[in-house]
Amino acid sequence: MKLNFQVAEQWDELNEYQLSQISGLLFQKKIEEKELQYRLIYYLFVKKNTLRNYFKFRKLINRVAINELVPYTEFLIKNVHRTVFPESIKIKGKKFYSPSPRLSNLTIEEFATADLFFYQWKTKNSLVDLERLITVLYREKSNTEIIGDIRKPFSKLDLTRRGSYTPYLDLNTKLAIGLTYLSCRNLIIKKYPVLFPPAKNNTENKKYQSFYPALLSTCLGEIQPLGNFNEAKNTLIDNFFSIVTENILLYREREKAAKK
């Protein structure tokens, strides 16, 4: 019997079931390497949790040594690069929708709020803060059309209400959303090196790079290229960081010219 498997070669090719299961594995603190390898292989080859798929996988490992399958999973460990969030989550009968891939439809206020909860989750290993991060990112569908975003507009005042739902979301899905946010955040940092310079050593690499200073310095200084705080906070993050980068580079050029 011929066994056909179509195996993902990058993170964005994983379906939501695979993403949640693999995220759960990667955030586990106590798991032996051999068990991790086996389970990564399993979820990479088994796209849906069915009895048929289980027996199909068993036939595969009876024919092929586990060591020969390990290379297929290398990208899961070495290059965590997920840009697509689980499209929606349903909790207690309510449906909440995700941000766009790469967080491209987030405003700077939404991003700064999400990033604060992300920081607290990562530094304190606080599940409550991961849930708060999800509450910021996932919202009900808007009644009015908003270009590039089907979610209701972001409001800090609505966080408490939506936050009462997220504790009921299963843990692996929470971790999948957290992992995707982390990956998108890393891409943003890489895209804007002027604002977020690469770490010079391993010690610096561990330091948290907050997005609040960029927002506050732009909105509260004498020069406000995006207007006051209330105006600037609704700017999409790509537009915001591009304009801030341009202004920093312009300032550096003027400073250099003044020294000549």
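Quick one: pull the percent of accessible area on the chain belonging to carbon and sulfur, 1.4 Å probe, ligands and nucleic acids left out.
Looking at the chain in its full context, I get 51 percent from C and S.
From the phi of every residue in the stretch 38-47, what ³J(HN,Hα) in whole Hz does the Karplus formula 6.51 cos²θ - 1.76 cosθ + 1.60 yield, where θ is phi - 60° and glycine or proline is x?
Computed from phi, the couplings for the stretch 38-47 are 4, 6, 5, 4, 4, 6, 6, 8, 9, 7 Hz.
Can you work out the Karplus-derived ³J(HN,Hα) for every residue in the stretch 82-96? Use 6.51 cos²θ - 1.76 cosθ + 1.60 with θ = phi - 60°, whole Hz, and x for glycine or proline.
10, 10, 10, 7, x, 4, 7, 10, 10, 10, 6, x, 9, 10, 10
Would you please give the FRET efficiency between LEU249 and LEU187, computed as 1/(1 + (r/R0)^6) with r the Cβ-Cβ distance and R0 = 22 Å, to the nearest 0.05?
Working from the Cβ atoms, E equals 0.60.
Heavy-atom accessible area of GLU13 with all protein chains present, probe 1.4 Å, nearest 10 Å²?
Here the accessible area works out near 100 Å².
Apply 1/(1 + (r/R0)^6) to the Cβ-Cβ distance of SER100 and LYS259, taking R0 = 41 Å, and write down the FRET efficiency to the nearest 0.05.
That pair, SER100 with LYS259, gives E of 0.45.
Output the pairs from LYS94/LYS233; LYS95/LYS174; LYS90/LYS156; LYS47/LYS90; LYS152/LYS190 with a Cα-Cα distance over 24 Å in this structure; if there are none, say none.
Violating the 24 Å limit, Cα to Cα: LYS94/LYS233; LYS152/LYS190.
Could you tell me which chymotrypsin sites (Phe, Trp or Tyr not before Pro) in the stretch 55-105 are loop residues by DSSP with no more than 15 other beta carbons within 10 angstrom of their beta carbon?
none
Could I have the simple spin-label model distance between GLN37 and GLU87, label points 7 Å from Cα toward Cβ, reported in nm to one decimal?
Label-label distance for GLN37 and GLU87, simple model: 3.6 nm.
Kindly report the accessible area of the chain per residue (heavy atoms of protein chains, probe 1.4 Å, no ligands, DNA or RNA), in Å².
Ligands and nucleic acids excluded, the result is 60 Å² per residue.
If you take the beta carbon distance between ILE61 and SER164 as r and set R0 to 51 Å, what does 1/(1 + (r/R0)^6) give as a FRET efficiency, to the nearest 0.05?
0.70
Along each principal axis of its Cα atoms, how long is the stretch 1-130 end to end? Whole angstroms, biggest number first, please.
For the stretch 1-130, the Cα spread along each principal axis is 55, 31, 27 Å.
To the nearest 10 degrees, how steep is helix 51-63 against the longest Cα principal axis of the chain, on a 0 to 90 scale?
Value to nearest ten degrees: 70.
Within the stretch 1-77, list the trypsin sites (Lys or Arg not before Pro) lying in a DSSP loop whose Cβ has at most 14 other Cβ atoms in a 10 Å radius.
LYS2, LYS29, LYS30, LYS48
Between VAL70 and SER155, what is the spin-label point distance in nm, taking each point 7 Å from the Cα along the Cα→C-beta axis?
5.4 nm
Comparing ARG161, ARG185, ARG82, which has the greatest mean-square fluctuation in the GNM of the chain with Cα pairs linked when under 10 Å apart?
Sorting by GNM fluctuation, first place goes to ARG161.
As I understand it, the value is the acute angle between the Cα axis of helix 127-137 and the longest principal axis of the Cα atoms of the chain; what does it come to in degrees, rounded to 10?
The angle comes out at about 70 degrees.
Rounded to the nearest 20 Debye, what is the dipole magnitude of the stretch 121-205 about its Cα centre when Lys and Arg each give +1 and Asp and Glu each give -1 at the C-beta?
160 debye
To the nearest 20 debye, what is the magnitude of the charge dipole of the chain about its Cα centre, counting +1 on the Cβ of each Lys and Arg and -1 on the Cβ of each Asp and Glu?
For the chain, the charge dipole is close to 740 debye.
How much length is gained on full extension from PHE5 to VAL80, taking 0.36 nm per residue of separation minus their Cα-Cα distance?
Fully extending the segment from PHE5 to VAL80 adds 24.8 nm.
The values are calculated or read from the model by the stated rules, or taken from the named source; none is laboratory data. Computed from a prediction, not measured in an experiment: that's the story for all the values here. Cβ sites come from the backbone with ideal geometry, for glycine too, and all protein chains shown count toward neighbours. The accessibility values were calculated without ligands, DNA or RNA, using every heavy atom of the protein model including side chains. Shrake-Rupley method; radii C 1.70, N 1.55, O 1.52, S 1.80 Å.
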